[in-house]
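The values are calculated or read from the model by the stated rules, or taken from the named source; none is laboratory data. This structure is a prediction, so every number in the text was calculated from the model and none was measured. Cβ placement follows ideal geometry from the backbone for every residue including glycine, while neighbour counts extend to all protein chains displayed. Calculation scope for accessible area: heavy atoms of the full protein, side chains included, ligands and nucleic acids excluded. Shrake-Rupley method; radii C 1.70, N 1.55, O 1.52, S 1.80 Å.
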Amino acid sequence: MRIARFSIDGNVAFGAVEGDSPDSLVLDIIKGIPYADFELSGTKVPLKKVRLLPPVLPNKVVAIGRNYAEHAAELGNEVPDVPVAFFKPTTSVIGSGDAIEYPSFSEELHHEAELAVVIGRMCREVPRERVKDVIFGYTCANDVTARDVQRRENQWARAKGFDSSCPLGPWVETDVDPSDLAIQATVNGEQRQLGRTSDMVRTVEDLVVHITEAMTLLPGDVILTGTPAGVGPLHVGDEVAVTIEGIGTLTNKVIKRG
Ligand code: MG
């Protein structure tokens, strides 16, 4: 099931996305909270009549760096012995169709297409065999990065944590096997990144085990799993799209911060 979060007439709701053709998708409004028990209301609205919101409001986004060997190499890095983990703040999260604001303190903004894992239940110290029980679903993410700032500053809080640096969406797919999906980024329709999630150095399972060794994850929390090779520049006016097979396409325009 594809579960979107959206606003209509000033109200925020979750809905199950129905249909196949992008122009005729319909949302069946959900009664209750998707992570717990919920039912479909049967009240349907066309998706193009609503504004999509980030599909989740995470308490935290835990991101993993250098998880595809080819991407680590393209920036002159080794794949680390222990996964590199960092946070992106809740204020960095935007939805599909929202604008990425080019930060004033950078001159080198990059896209990073990533598979995002959405957590479904509170968990800590999750054993490998229980990982699938704590995952709600998957969505597309763009780990937008001020590459020049990342090089200059030891910690990546500013380079990867500025407002609008974490597009998520367009919805959460709850029924997809994440182990071997095509993942790509385009800029203005031109392909920049193309990889497969099977090239991840650490699998989704590895990452959930590793992260929950340290911290409790809450329903709606998000894990970004790293980006394949082909990262590159974004400029004001560009439209960047992240597509993951079996999930959907996350699209955002880059604007000058007003
Ligand atoms: Mg990344």
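Across the stretch 158-174, coupling constants 3J(HN,Hα) worked out from phi with the 6.51/-1.76/1.60 Karplus curve, θ = phi - 60°, read 7, 5, 10, x, 5, 4, 6, 7, 10, x, 10, x, x, 7, 9, 9, 8 Hz, and Gly and Pro carry x. Taking Cα centre as origin and charging only the Cβ of basic (Lys, Arg, +1) and acidic (Asp, Glu, -1) residues, the dipole magnitude of the stretch 109-258 rounds to 580 debye.
Between the amide H of L194 and those of A185, distances stay under 5 Å, these residues lying 5 or more places away or on another chain, with hydrogens modeled in the peptide plane.
Farthest towards the positive end of the charge dipole of the chain, among the residues H110, G248, L194, is the Cα of H110, using unit charges on the Cβ of Lys, Arg, Asp and Glu. Here the Karplus relation 6.51 cos²θ - 1.76 cosθ + 1.60, evaluated at θ = phi - 60°, turns the backbone of the stretch 35-45 into coupling constants of 6, 9, 6, 8, 9, 7, 7, x, 7, 10, 10 Hz, with x for every Gly and Pro. Per atom type, the stretch 61-256 shows carbon and sulfur on 47% of its accessible surface, probed at 1.4 Å. Compared with the direct C-alpha span, the chain from D177 to D199 gains 6.5 nm at full extension, assuming 0.36 nm per residue.
In this structure the amide hydrogen of V144, modeled in the peptide plane, comes within under 5 Å of the amide hydrogens of E112, none closer than 5 places in sequence on its chain.
Rolling a 1.4 Å probe over the protein heavy atoms gives the stretch 61-256 an accessible area of 41 Å² per residue.
With every protein chain in place and a 1.4 angstrom probe, the accessible-area ranking of D9, D133, D175, largest first, reads D9, D175, D133.
Classified by the C-alpha gyration tensor, the stretch 2-52 has an oblate form. Its axis ratio a/c, with a ≥ b ≥ c, is 1.5 or above, and a/b does not exceed b/c. Only protein heavy atoms count here; under a 1.4 Å probe, R5 has an accessible surface of about 30 Å².
The phi torsions of the stretch 125-133, fed into the Karplus equation with coefficients 6.51, -1.76 and 1.60 and a -60° offset, translate into couplings of 6, 6, x, 3, 6, 9, 4, 5, 6 Hz, rounded to whole numbers, with Gly and Pro shown as x. Computed over the chain, relative contact order equals 25 percent, with contacts defined as Cα pairs under 8 Å that lie 6+ residues apart.
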